[in-house]
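**Q** Below: one structure in structure tokens.
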Amino acid sequence: MHQLISQFPSLVGQSATIKGWAYNVRSSGKIAFLQIRDGSGFVQAVIVQNQVDEIAWNRALDVTLESSVSVTGMVTKHPKHDDVYELQVTSLEIIQKAEEYPIGKKEHGPDFLLDNRHLWLRAPSQWAIQRVRNAIIYATYDWFRDNDFIKIDSPILTPNACEGTTELFEIDYFEERKAYLSQSGQLYIEAAIASVGRCFDFGPVFRAEKSKTRRHLTEFWMMDAEMAFVEHEGNLQIQEQLVSFIVKRVLETCSAELKLLERDVEPLKKVVAPFYRLTHAEAIRILREKGSDIGDMDDLGADDETTLTQMYDKPIFIEKYPTAVKAFYMKRDPSDPTRVLNADLLAPEGYGEVIGGSQREDDYDALIARVREHNLPEKDFQWYLDLRKYGSVPHSGFGYGLERLVAWICGLHHVRETIPFPRLMNRLEP
Ligand code: 4AD
Ligand code: MG
């Protein structure tokens, strides 16, 4: 069996074989250096001409960028740098000699890189981003497991809309039927809480949004959570606990990745519950003071969110949006029915909305009235209305967009780098 570069700290002074890709090659006279990447880490393999046989030396000179190799040698600690190891090579095999690699050292534009996403994924920055994404996913599962949530898998093929009918991907089902790709599993996990109490789902969702912004994908990963007997205030507390836990976990386990991404970790260290809270009305007042002409009952746009989040050093909940700009299932505020018991969580440093959530309407009559106001097909929502007939309870939930969290935590400008194969309005390939 071969070894992994990540195991090098415990292999110093021993012989090891690693298998990976040469992401940088150079030689000067009698010494050659191969930078090897094996997925678990990066290491420099050193080949000295008079210490290996002629076959190994010639192979070392033959290695091209991104060739796959198997290299054996002695693991040593770098004389000057802590936590840096090297491999003093004794033998080397080329598994496949790569053709001239299209991604070079020079700067490439985003379109070129996205066209070559299948190769770009190997870049150290992209490696680091996927590792942070993975840490966020595991932290999420861990937090939910430790807090008595059960994972419930919601369907992707659905007969109706969760988040409004204008952004649905429609597909042909059988015998003239139409089906829609899920925009969020929320409605289904609302059904499951009467069985399991607290649950979450985590999977791909789809939005036919005609938005070409740095925050929008047409396919992205959402985590929806839903809790029985939890009202608006409890909903916010659960969200801030979860998000603080995720950020802390990434700081603890991904410091090398964040460093590689040149992410300033100081702002992330401040992400500790409780977060800031502003009502929508307060947010509008602040935005007007800053010169915006936003109306009292308008939704916040991306620029408004950016302005607000640049003013605070922690995430901010914006609560109680106007009923008219939010989804049909949100419960109205009993003290002001023009507003709902919802909150969007905005990430700091200009990132904006990462979570949308609310208390849900649990009264049958109020909910059916909302279904009608939104012109939704009542028949398709009968099962959802049923939940309000058989032991309805106050309940709340929220959903985070994984790519938005990754972009914020990694400090990336655009969400397209946060998902292995981004789907955008104008991109379905590769
Ligand atoms: O705010 P949204 O639309 O809320 C829901 O779908 C609720 N059903 C969630 C729930 O209560 N269970 O979407 C939730 C989150 C947003 O806050 C954002 O982070 C992300 O999903 N999101 C997107 N991410 C990337 N591209 C898009 N087009 C996104 N639309 C929403
Ligand atoms: Mg939203």
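The values are calculated or read from the model by the stated rules, or taken from the named source; none is laboratory data. Quantities reported herein were computed from a predicted structural model and do not represent experimental measurements. Glycine also receives a Cβ, built like all others from the backbone with ideal geometry; neighbour counts cover every protein chain displayed. Remember, those area values only see protein heavy atoms, side chains included, never the ligands or the DNA or RNA. Shrake-Rupley method; radii C 1.70, N 1.55, O 1.52, S 1.80 Å.
**Q** Please determine whether any residue of region 304-325 is out of contact with any Leu (no Cβ under 6 Å at 6 or more places or on another chain), in contact (Cβ under 8 Å) with a residue 12 or more places away in the chain, away from ligand 1 (no atom under 12 Å from the Cβ) and in a strand (DSSP E or B).
**A** The answer is yes, given that some residue of region 304-325 is out of contact with any Leu (no Cβ under 6 Å at 6 or more places or on another chain), in contact (Cβ under 8 Å) with a residue 12 or more places away in the chain, away from ligand 1 (no atom under 12 Å from the Cβ) and in a strand (DSSP E or B).
**Q** Have a look at Q96, Q130, Q49 and point out the one that is of a type in the set (S, T, N, Q), in contact with a Lys or Arg (Cβ under 8 Å, 6 or more places away or on another chain) and open to solvent by 40 Å² or more (accessible area, probe 1.4 Å). Full working, then the answer.
**A** Values: Q96 fails: in contact with a Lys or Arg (Cβ under 8 Å, 6 or more places away or on another chain); Q130 fails: in contact with a Lys or Arg (Cβ under 8 Å, 6 or more places away or on another chain).
Result: Q49 is the single residue among Q96, Q130, Q49 that is of a type in the set (S, T, N, Q), in contact with a Lys or Arg (Cβ under 8 Å, 6 or more places away or on another chain) and open to solvent by 40 Å² or more (accessible area, probe 1.4 Å).
**Q** Consider S195 against the criteria (1) over 21 Å from R423 (Cβ atoms); (2) out of contact with any strand residue (DSSP E or B) (no Cβ under 9 Å at 6 or more places or on another chain): it satisfies all of them except one. Which criterion is unmet?
**A** Looking at each condition in turn, S195 falls short on (2).
**Q** What tally of residues in region 158-172 results from selecting those that are open to solvent by less than 50 Å² (accessible area, probe 1.4 Å) and more than 16 Å from ligand 1 (Cβ to nearest atom)?
**A** Total satisfying the criteria: 1.
**Q** Step by step: first the residues of region 342-357, then only those that are more than 10 Å from ligand 2 (Cβ to nearest atom) and open to solvent by 10 Å² or more (accessible area, probe 1.4 Å), then the one that is nearest to T418 (Cα to Cα). Which residue is that?
**A** Among those that are more than 10 Å from ligand 2 (Cβ to nearest atom) and open to solvent by 10 Å² or more (accessible area, probe 1.4 Å), it is Y351.
**Q** Condition check: open to solvent by less than 20 Å² (accessible area, probe 1.4 Å) and in a loop (DSSP other than H, G, I, E, B). Does L187 satisfy that?
**A** No.
**Q** While we're here: If you go through region 70-85 one residue at a time, do you hit one that is of a type in the set (D, E), surrounded by fewer than 14 Cβ atoms within 10 Å (Cβ to Cβ) and closer than 25 Å to Q7 by Cβ?
**A** Yes, some residue in region 70-85 is of a type in the set (D, E), surrounded by fewer than 14 Cβ atoms within 10 Å (Cβ to Cβ) and closer than 25 Å to Q7 by Cβ.
**Q** From the residues in region 382-430 that are more than 13 Å from ligand 1 (Cβ to nearest atom) and among the polar types (S, T, N, Q), which one is nearest to A191 (Cα to Cα)?
**A** S392
**Q** What do you reckon, is T213 modelled with pLDDT under 95 and of a type in the set (V, I, T)?
**A** yes
**Q** Scan (1) closer than 19 Å to V354 by Cα; (2) over 13 Å from the mean Cα position of the chain (by Cα) for the single condition I189 breaks and write down its number.
**A** Result: I189 fails condition (1) only.
**Q** Provide a single number: the residues in region 379-403 that are open to solvent by less than 40 Å² (accessible area, probe 1.4 Å) and either without any contact (Cβ under 8 Å) to a residue 60 or more places away in the chain or not assigned by TED's automatic domain parsing to the domain that holds I368 (or both).
**A** 2
**Q** Using the structure shown, decide if A98 is among the small types (G, A, S), outside any helix (DSSP H, G or I) and at pLDDT below 95. Even if it seems obvious, please write down each step before you answer.
**A** Values: among the small types (G, A, S): yes; outside any helix (DSSP H, G or I): yes; at pLDDT below 95: no.
Taking the combined requirement at face value, the residue does not satisfy it.
**Q** If we keep just the residues of region 360-369 that are open to solvent by 10 Å² or more (accessible area, probe 1.4 Å) and of a type outside the set (A, V, I, L, M), which is nearest to ligand 1 (Cβ to nearest atom)?
**A** Step by step, filter region 360-369, then rank; the result is E361.
**Q** For region 399-427, what are the residues that are more than 16 Å from ligand 2 (Cβ to nearest atom), closer than 16 Å to A128 by Cα and among the aliphatic types (A, V, I, L, M)?
**A** Within region 399-427, V406, I409, L412, I419 qualify.
**Q** Scanning for something under 19 Å from N235 (Cα atoms) and either surrounded by fewer than 16 Cβ atoms within 10 Å (Cβ to Cβ) or at pLDDT 95 or above (or both), does region 404-411 turn up at least one residue?
**A** Of region 404-411, the ones under 19 Å from N235 (Cα atoms) are 405.
Okay, now just the ones that are also either surrounded by fewer than 16 Cβ atoms within 10 Å (Cβ to Cβ) or at pLDDT 95 or above (or both), so 405.
Looking through region 404-411, at least one residue is under 19 Å from N235 (Cα atoms) and either surrounded by fewer than 16 Cβ atoms within 10 Å (Cβ to Cβ) or at pLDDT 95 or above (or both).
**Q** I've got another one for you. Which one of V250, V272, V243 is in a loop (DSSP other than H, G, I, E, B) and touching a residue at least 12 places away in the same chain (Cβ under 8 Å)?
**A** When all the criteria are applied, what remains is V272.
**Q** Which residues, counting only those in region 133-157, are within 16 Å of ligand 1 (Cβ to nearest atom) and within 12 Å of the chain's Cα centre (by Cα)?
**A** Within region 133-157, R133, I136, I137, T140 meet the criteria.
**Q** Which residue out of P155, P204 is in contact (Cβ under 8 Å) with a residue 12 or more places away in the chain, surrounded by fewer than 20 Cβ atoms within 10 Å (Cβ to Cβ) and not in a loop (DSSP other than H, G, I, E, B)?
**A** Residue meeting the stated conditions: P204.
**Q** Here is a follow-up. Testing H374 on (1) crowded, with 17+ Cβ neighbours inside 10 Å; (2) closer than 19 Å to Q359 by Cβ; (3) at pLDDT below 95, one condition comes back false. Which one is that?
**A** (1)
**Q** OK, next. Any chance region 259-276 includes a residue that's touching a Cys at 6+ places or on another chain (Cβ under 9 Å), open to solvent by less than 80 Å² (accessible area, probe 1.4 Å) and assigned by TED's automatic domain parsing to the domain that holds E349?
**A** Within region 259-276, one or more residues are touching a Cys at 6+ places or on another chain (Cβ under 9 Å), open to solvent by less than 80 Å² (accessible area, probe 1.4 Å) and assigned by TED's automatic domain parsing to the domain that holds E349.
**Q** If you go through region 112-128 one residue at a time, do you hit one that is assigned to a helix (DSSP H, G or I), farther than 19 Å from P430 by Cα and either free of Cβ contacts under 8 Å to residues at least 12 places away in the same chain or hydrophobic (A, V, I, L, M, F, W, C) (or both)?
**A** yes
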